Amino acid sequence: MNEFDQALNNVLAALKPRSKWVGLQQIFAPHAVLTEPMTDEGAPLLPKGAALTPATLALLATQHKRKAPVAGAVTALVISVSSVRQGLDQPARVGVSDDATSAALRMMLSRWGADTLDPIFIKSDLDQVFLAVEESAADLIVISVDIESDLIKNEIAQALGISLLKAGLDLDIEVGAKAIEQKSVFLIKSDTYGTLIGSEVFLKPAVRSMLMQTKLIPASYTVSTPIAGDLKYLRFIPGIVDTDEEGNETVRGLSANLGGLARAECLIKVHGNLPPYETVEVFPVTSVQK
């Protein structure tokens, strides 16, 4: 197992879903999952991990069940750290949505089933960052650092014990995560590319794990054109899936500029050079999922 996968597994292993009994009328698909099996007079009814869809809720209702044990809500907080944002006279401000990246992160976290708290904006103040992490009761904390604040990003990582892993097409893209007490703290770079990688590769699996949803298995495709890589680093590059006249699907890499990112249907996991027809793992991108 490579360093990147190990870091992700360590974080996911520390996430403990909270179980609570909830009335059937208060359960909303598709995020609710049973945290323990349900029986009817000793006979199996639904197994642990079953998704509570309208059909399964109807089944429980016909068996006169009024409540079910489900994974409790996942709360998520986005802390946006910037050295250049205009108008930040205070060291920290809460709930002022003047940051496109934090808005995108909150939208994706909400789409995956998390309850997002009001964001916190901090102007490159290390102490304020630590205070916000310490005082927050959120399950997941995302620290998004702008491209002008690399120095404080490294200071935050060092102080919290987070290992930054090279993950992007260019080596400036770094992401990291660590379980701190009952929280999981994620550190990502707040440009479009860094946010895409950090959210799809780290945040989505974390939210799904806490909601006891099934683990996402990357799809396997063959590449249609060569993709340059480096054995020293595991990278995720934007890609698109092509279908030929016979229905065969292949994937190819796109540039990491805004045009490529806007067209991206997936992230291609790259470790070393990939020749044509090499099989690769592919992570779908949430914004284009049907």
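Observations on the structure shown:
- When 112, 21 are sorted by how many other C-beta atoms sit within 10 angstrom of their C-beta, beginning with the fewest, the order is 21, 112.
- Computed over segment 223-270: relative contact order in percent, which uses C-alpha pairs under 8 Å that are six or more apart: 45 percent
- Ordering of 136-142, 220-226 by burial proxy (mean other Cβ atoms within 10 Å per residue, highest first): 136-142, 220-226
- Using a simple spin-label model with pseudo-atoms 7 Å out from Cα toward Cβ, residue 5 and residue 192 lie 3.1 nm apart.
- Over 25 Å between alpha carbons, listed pairs 153/204; 20/153; 48/178: 20/153; 48/178
- Paramagnetic reach from residue 20 (point 7 Å along Cα→Cβ, amide N under 14 Å) across segment 59-76: 68-76
- Calculated FRET value between residue 55 and residue 118, using beta carbons and R₀ = 51 Å, to 0.05: 0.90
- Radius of gyration (Cα atoms) of segment 115-270, expressed as a multiple of 2.2 N^0.38 Å: 1.15.
- Gyration tensor verdict on segment 219-288 (Cα atoms; rounded if a/c is under 1.5, prolate if a/b is larger than b/c, oblate otherwise): oblate
- Placing pseudo-labels 7 Å out from each Cα toward the beta carbon at residue 151 and residue 73 gives an inter-label distance of 4.0 nm.
- Sequence-separation-based contact order of segment 19-71, relative, with Cα cut under 8 Å and 6+ spacing, percent: 51 percent
- The stretch between residue 127 and residue 158 holds 9.8 nm of extra length on full extension. This uses 0.36 nm per residue minus the Cα-Cα distance.
- Charge dipole magnitude, Cβ of K and R +1, D and E -1 - segment 219-288, Cα centre, debye nearest 20: 460 debye
- Cβ crowding within 10 Å averaged over residues, with 43-55, 68-80 ranked highest first: 68-80, 43-55
Any read-out appearing in this document is the output of simple, stated calculations on the displayed coordinates, not a laboratory observation. Model, not experiment: these values are computed from the prediction. Here the Cβ is made from the backbone with ideal geometry for all residues, glycine too, and neighbour counts use every protein chain on show.
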